[in-house]
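Only one structure is covered here, and it is reproduced in the block below.
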Amino acid sequence: MALVCFAFVAGAISARAELKIANHKDQSTVRYPVVLLRGSGVPKPSAKKELLLHVENLSSDRASRKMLGQVREGKFKALAELIPGNNLLRITADGESTELTIRYSPQTNANYVRVIWMTDSAGDPDFATPNDDDPQDYVARLDTAAKLMQCFTAERMHDSGYGRRTFQLELDDDGKVIVHTLAAPLRAQDYYSMQDDEWWQSTRQWLNKKQPDPKAKNLVLAAFTRKDPESGKMLAHTALGGGDLGLFGSASVFSWPCSLPKTCDAFLNPGRVDPSRVHDDSSGRNTHWGAASTTIGATLHEMYHTFGLPHCRDRFGIMTRGFDYFNRFVTFHEPPSARRMKPFTFDPGQEAHLSKVSASFLRWSPWFRLNEKADNIDDPDSDPIITFDPKSKRFSIASESPIRWLGFWRDDTLAVHREIPTGVKLHNLSLSLAECEVELSPEHRLSRLTALAENGRAVTLRFVGTNSTNEN
């Protein structure tokens, strides 16, 4: 049964408020096809009345031209899918409406994310579902999830002050994400016997031989992920990202939204996951909405690793377990779950986001440049170099491309960062160990130092006592 995104608000009808869009301006331009609209001014309905917020793209004839949004205490969130060119969007709630035009100008960045559905050598594309007659609509679910991840990235980069930068997706003429269904060289049983690292290496070697493309970051989901009915062990289930490959099991794809208009349905689906049939990867919430949120969020987390992004220390940052809360990007509340028996309305600060330390790093990634030829980018084909002198206890950083960002690590996570203003062309920098540890606070010791250049190249120096090792 489909779930409707609505809110009950008790009380008498108040004076009419004007619907206002808070995060997009009329006649603005974006470089990606799905936007999140956030705003206010939704009128209060009479008691027990269902308040629906409609978004319609009057410029589109696609099935996604009409969508419902979420409402809470006069505020709203809603998705809209755009077509290339100008898009006239009408937002309506209880007879009140407003319009704005957003121009979608597709990216020309040659770097992109390639979405791959990996079957075993037999070529069976079916994925695990709770019921035998559930649709095998993996293409639609990957299309939706990829666009949500792209939209999340753009909005969170914007929230951090770096503009709506995001990665490029391969789209066909109808605006759908191109999903490459590829048969891997081995049987499912062969992959079941591999350790995660071995499987990741095997998949990377296969793709680089079969479809090499240095411009691609590969988002790969394995169709043959299954739960062993006898042992309960998960087979071909992983989440590993780095280099040019993010590799994932498909155990929770059944919970993902099958279309953009069904996004709220998926993230508000209170149905319980039957662990005898499928894997419950919901962070202990045992619900379809929890599985969708955790696994789409984890997929994005691992893809960020392919862009070089390390873990951070922010509880709700997507580079920690903040990915469990990906659903909160488009909702205001969560249905009951095994962890919380009553519906939960969260605060804006409890939504998944990109921490400043993460967004500032991604800002310089070649995959976030939007245009084929990035403006004012000094782009030599070389990495920065970091050295450490144990006698003077100083780090030296040299880079042909200007140094733009420094990251200071505590243990295995990126703790704090320093940005170099874009107007400063800094090619050489010397830092004392004491300076670096002041960045962390006196009670903590530096474990690694990362330098990121304007060309998007980064190098990390692992530091233990007076010993140092480069990690490119």
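Figure legend. Inter-residue proximity from the stretch 446-462: first residues in contact (Cβ under 8 Å) with a residue 24 or more places away in the chain and closer than 16 Å to T422 by Cα, second residues part of a strand (DSSP E or B) and among the charged types (D, E, K, R), beta-carbon distance below 7 Å, spacing 6+ or different chains. Indicated pairs: L452/R404; A453/R404; E454/R404.
Applying the condition of being touching a residue at least 40 places away in the same chain (Cβ under 8 Å) and surrounded by 15 or more Cβ atoms within 10 Å (Cβ to Cβ) to the stretch 195-216 and asking which residue is nearest to L235 (Cα to Cα) yields W199. If the condition is being within 14 Å of L36 (Cα to Cα), of a type in the set (S, T, N, Q) and part of a helix (DSSP H, G or I), then the stretch 143-193 contributes T144, Q150, T153.
Assessment of the stretch 305-313 against the conditions (buried (at least 24 other Cβ atoms within 10 Å of the Cβ), touching a helix residue (DSSP H, G or I) at 6+ places or on another chain (Cβ under 8 Å) and not hydrophobic (A, V, I, L, M, F, W, C)) yields no matching residue. Within the stretch 106-124, the residues that satisfy the criterion of being surrounded by 18 or more Cβ atoms within 10 Å (Cβ to Cβ) and either part of a loop (DSSP other than H, G, I, E, B) or out of contact with any strand residue (DSSP E or B) (no Cβ under 7 Å at 6 or more places or on another chain) (or both) are Q107, N109, N111, D120.
Across the stretch 341-376, what is the number of residues that are touching a residue at least 12 places away in the same chain (Cβ under 8 Å), under 23 Å from F152 (Cβ atoms) and exposed (fewer than 14 other Cβ atoms within 10 Å of the Cβ)? Number satisfying all stated conditions: 3. Could you check, for the stretch 150-170, whether at least one of its residues is without any contact (Cβ under 8 Å) to a residue 12 or more places away in the chain and among the acidic types (D, E)? Within the stretch 150-170, not a single residue is without any contact (Cβ under 8 Å) to a residue 12 or more places away in the chain and among the acidic types (D, E). Of the candidates D143, D137, the single residue that is out of contact with any Pro (no Cβ under 7 Å at 6 or more places or on another chain), farther than 30 Å from G349 by Cα and modelled with pLDDT of 95 or more is D137.
Would you mind stating whether A128 is surrounded by 17 or more Cβ atoms within 10 Å (Cβ to Cβ), within 16 Å of the chain's Cα centre (by Cα) and among the small types (G, A, S)?
Criteria not met by A128.
Report whether or not L221 is surrounded by 16 or more Cβ atoms within 10 Å (Cβ to Cβ), within 24 Å of L300 (Cα to Cα), out of contact with any Ser or Thr (no Cβ under 9 Å at 6 or more places or on another chain) and in contact (Cβ under 8 Å) with a residue 60 or more places away in the chain. The answer is no for L221. Starting from the stretch 381-395, take each residue that is acidic (D, E) and list its partners that are loosely packed, with under 12 Cβ neighbours inside 10 Å, counting only C-beta distances under 8 angstrom and pairs at least six apart or across chains. Cβ pairs passing all conditions: D383/N472. So for the stretch 382-401 (the condition being in a helix (DSSP H, G or I), of a type outside the set (D, E) and within 26 Å of G163 (Cβ to Cβ)), does at least one residue qualify? No, the stretch 382-401 contains no residue that is in a helix (DSSP H, G or I), of a type outside the set (D, E) and within 26 Å of G163 (Cβ to Cβ). Residues of the stretch 198-250 that are charged (D, E, K, R) and in a strand (DSSP E or B): K217, R226, K227. When you scan the stretch 405-448, how many residues do you find that are crowded, with 16+ Cβ neighbours inside 10 Å, of a type in the set (A, V, I, L, M) and over 25 Å from the mean Cα position of the chain (by Cα)? Of the residues in the stretch 405-448, 6 are crowded, with 16+ Cβ neighbours inside 10 Å, of a type in the set (A, V, I, L, M) and over 25 Å from the mean Cα position of the chain (by Cα).
Residues that are crowded, with 18+ Cβ neighbours inside 10 Å and at positive phi within the stretch 231-282 comprise just one, A236. Among the residues of the stretch 300-340 satisfying the criterion of being part of a helix (DSSP H, G or I) and without any contact (Cβ under 8 Å) to a residue 60 or more places away in the chain, which is nearest to R72 (Cα to Cα)? Of everything passing the filter in the stretch 300-340, R328 is nearest to R72 (Cα to Cα). Considering P348, P336, P343, which residue is touching a His at 6+ places or on another chain (Cβ under 9 Å) and either over 25 Å from N286 (Cβ atoms) or not hydroxyl-bearing (S, T, Y) (or both)? Unique residue meeting the criteria: P343.
Go through the stretch 125-141 and give me each residue that's in a loop (DSSP other than H, G, I, E, B) and charged (D, E, K, R).
D126, D132, D133, D134, D137
Among the residues of the stretch 29-84, the ones that are among the acidic types (D, E), at pLDDT 95 or above and either over 21 Å from V177 (Cα atoms) or assigned to a loop (DSSP other than H, G, I, E, B) (or both) come to 2 in all. Residues considered: F307, F332, F323. Of these, the only one that is more than 15 Å from A266 (Cβ to Cβ), in contact with a Gly (Cβ under 6 Å, 6 or more places away or on another chain) and at pLDDT 95 or above is F323. Within the span defined as the stretch 153-172, one or more residues are surrounded by fewer than 18 Cβ atoms within 10 Å (Cβ to Cβ) and more than 18 Å from the chain's Cα centre (by Cα). Regarding the stretch 433-441, can at least one residue be identified that is outside any helix (DSSP H, G or I) and either without any contact (Cβ under 8 Å) to a residue 24 or more places away in the chain or more than 17 Å from R313 (Cα to Cα) (or both)? Yes - at least one qualifying residue is present in the stretch 433-441.
The values are calculated or read from the model by the stated rules, or taken from the named source; none is laboratory data. The structure presented is a predicted model; accordingly, all values stated were derived computationally and were not measured. Positions of Cβ are generated from backbone atoms using ideal geometry, with glycine treated the same way; all protein chains shown enter the neighbour counts.
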